[in-house]
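First up is the structure itself, then whatever we jot down about it.
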Amino acid sequence: MKQFKTVLVTGGAGFIGSHVIRRLLKEHADMHVVNLDLLTYAGNLENLRDLESNERYAFIKGDIGDTALIQQLFDQHDFDAVVHLAAESHVDRSIENPMAFLETNIIGTATLLHAAKNAWLGDGKDASNRCFYHVSTDEVYGSLGAEGVFSEETPYDPRSPYSSSKASSDHLVRAWHHTYGLPIVISNCSNNYGAHQFPEKLIPLMIRNVRDQRPLPVYGEGLNIRDWLWVEDHASAIDTILHNGTSGRTYNIGGLNEWRNIDLVHALIREVDAAMGRPEGTSLALITFVTDRAGHDMRYAIDASRIESELGWQPSIQFEDGLKETVRWYLDNAEWMDSVTSGNYQQYYETMYGNR
Ligand code: NAD
Ligand code: DAU
C-alpha cells in the first residue's frame, strides 16, 4: 500500500469531495489535506464544519484554472498526491451554460496536470510515489439500452456537454501519463446519493419537494435508469484506488443497483411521507411529468468487477437502508438544505423550473 503525506484535494467543499476528505483524514493518521475549492453555488464549507479545527486540514479558496495560484500551491507544499474532484457537475446546467463546464472541467484539469508535471517530473526526479487521481463519471461511456453494462473497455461516447467535458478531461489525464510519464489513476463512478448533495440532483430535490409539498418534476416518462451508489462507498473506493491502484489504470465504481427514476420517486415519496407522519400515498399527486432533458441518456449500469477482484473493494450498504438514512439526514438538516438553496440557487431554480 502506498503512503501519502500531503494531498491536494480539489472540489472538497462539494458533495463527494467533502466525504472523501473526511474519509482520508480519518483513515490515514499521518495525512495532511489541502482542500482547494472555488465555492461555487455547489461548494459549501458547512459540508466540512466538523473538520475546521483539524490541524491536518487546510482550506484554500481558489479556481483550479488559475495557473499562478496552482503553481504557488505546488511550490508551497510538497504534494505527493492530487485527488481531483472539482468540476461543474450538473447535466441540466451544462445544457444551459456549456462554456463554464469546458472552462472548469477541461482547462482546469489541464492546469492541474501541467503543474503536477512541472513539480514532479524532470531533472532525474522520482515520481513513482506520487499520484494524480482523476475522479470521473460513468457518463463518459454514453447511454445503454435495456441490456449490458459499462466496463473499463467500453468505448467513450459522451452525449451531453457535461459528459463530453469529463471525457475530455479523462483523455487529458491519460495523455499526461502516456506522454510525460505522470503517475495517474482514473475512476468512473455511477450516480452517488447521500448527505450533503446539492438539492438540484434527483434524490435531494425530490426529498425537499415532498417535504415542502411542491411539484415533483419527473423528466419524460420517468423510465430512464440510473445505478445508485452510497457516497461513502464511493469515498472508500477512492481511498482504496489511491493507495492500492496501479498507475495508468482505470477503475469503474458502482453498486449494481439500478432504479427507474419513477420507481425511485415513488420510494422517496413513501419514505418522506412516512418520516413526516403523513398517510401513505399523500404526495403521489405531486408527481408532474415535465419536458424531457435534451439528449437524456436512457440507462447507466456499471460493471465494477475490476475494483472488486483486483483491489478487494465492495459497497457496504443496501440501497433501501442508505435511502432511509439519506431521507432522515435531509429532514434532520433542514437548516443546511435551506441555506444552500438560498441565493444563486434560488434564482437558478426559478429560471429552470418556474414554480413547478
Ligand atoms: P459538486 O457539484 O457537489 O461539487 C463540485 C465542487 O467543485 C464544488 O465544491 C465547487 O465549488 C467546486 N468547483 C467547481 N468549479 C471549481 C473551480 N473552477 N475551481 C475549484 N473548485 C471548483 O460535485 P460532486 O457531485 O461532488 O462531484 C465531484 C466530482 O465527482 C466531479 O468531478 C464529478 O464529475 C464526479 N462524479 C460525480 C458523481 C455524482 O453522482 N455526483 C458521480 C461520478 C463522478
Ligand atoms: O452517473 C454519474 C452522474 O450522475 C454524475 O457524473 C453527475 O455529476 C451527476 O449529476 C449524476 O448525473 P445524472 O444526470 O444522472 O443525475 P441527476 O440527479 O441530475 O438525474 C438523475 C435522473 O433523474 C436523470 O435520469 C434525470 C432525472 N431527473 C433529474 C432531475 C434533477 C428528473 O427526472 N427530474 C429532476 O428534477
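The values are calculated or read from the model by the stated rules, or taken from the named source; none is laboratory data. On a predicted model such as this, the values are computed, not experimentally measured, just so you know. As a convention, Cβ positions derive from the backbone with ideal geometry for all residues, glycine included, and neighbour counts pool all protein chains shown.
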Tell me whether the stretch 278-288 contains one or more residues that are without any contact (Cβ under 8 Å) to a residue 60 or more places away in the chain, assigned to a helix (DSSP H, G or I) and in contact with a helix residue (DSSP H, G or I) (Cβ under 7 Å, 6 or more places away or on another chain). yes
Might you let me know whether the stretch 342-352 holds any residue that is modelled with pLDDT of 95 or more and of a type outside the set (A, V, I, L, M, F, W, C)? no
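Going through Asp227, Asp233, Asp212 one at a time, which residue ends up being out of contact with any His (no Cβ under 9 Å at 6 or more places or on another chain), away from ligand 2 (no atom under 12 Å from the Cβ) and within 22 Å of Val140 (Cα to Cα)?
Result of the check over Asp227, Asp233, Asp212: Asp233.
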For the stretch 189-203, does any single residue satisfy the condition of being more than 15 Å from the chain's Cα centre (by Cα) and either of a type in the set (Phe, Trp, Tyr) or not assigned by TED's automatic domain parsing to the domain that holds Glu325 (or both)? no
Name the residues in the stretch 257-270 that are in a helix (DSSP H, G or I) and under 25 Å from Gln314 (Cβ atoms), would you? Asp263, Leu264, Ala267
Residue count, the stretch 1-59 (criterion: hydroxyl-bearing (Ser, Thr, Tyr), touching a His at 6+ places or on another chain (Cβ under 7 Å) and away from ligand 2 (no atom under 16 Å from the Cβ)): 1
Please find, within the stretch 84-113, the residue that is farthest from ligand 2 (Cβ to nearest atom) out of those that are touching a Gly at 6+ places or on another chain (Cβ under 8 Å) and not small (Gly, Ala, Ser). Thr111
Quick one: which of Ser236, Ser187, Ser169, Ser164 is in contact with a helix residue (DSSP H, G or I) (Cβ under 7 Å, 6 or more places away or on another chain) and more than 20 Å from Pro315 (Cα to Cα)? Ser169
Members of the stretch 199-225 found to be outside any strand (DSSP E or B) and away from ligand 1 (no atom under 16 Å from the Cβ), listed by number: Asn209, Val210, Arg211, Asp212, Gln213, Arg214, Pro215, Gly220, Glu221, Gly222, Leu223
Residues in the stretch 166-180: is at least one part of a loop (DSSP other than H, G, I, E, B), modelled with pLDDT of 95 or more and touching a Phe, Trp or Tyr at 6+ places or on another chain (Cβ under 9 Å)? no
Mind checking which residues of the stretch 295-313 are in a loop (DSSP other than H, G, I, E, B) and surrounded by 13 or more Cβ atoms within 10 Å (Cβ to Cβ)? His296, Asp297, Met298, Tyr300, Ala301, Asp303, Ala304, Trp313
Report, by residue number, each residue of the stretch 226-249 that is outside any helix (DSSP H, G or I) and surrounded by fewer than 20 Cβ atoms within 10 Å (Cβ to Cβ). Thr246, Ser247, Gly248, Arg249
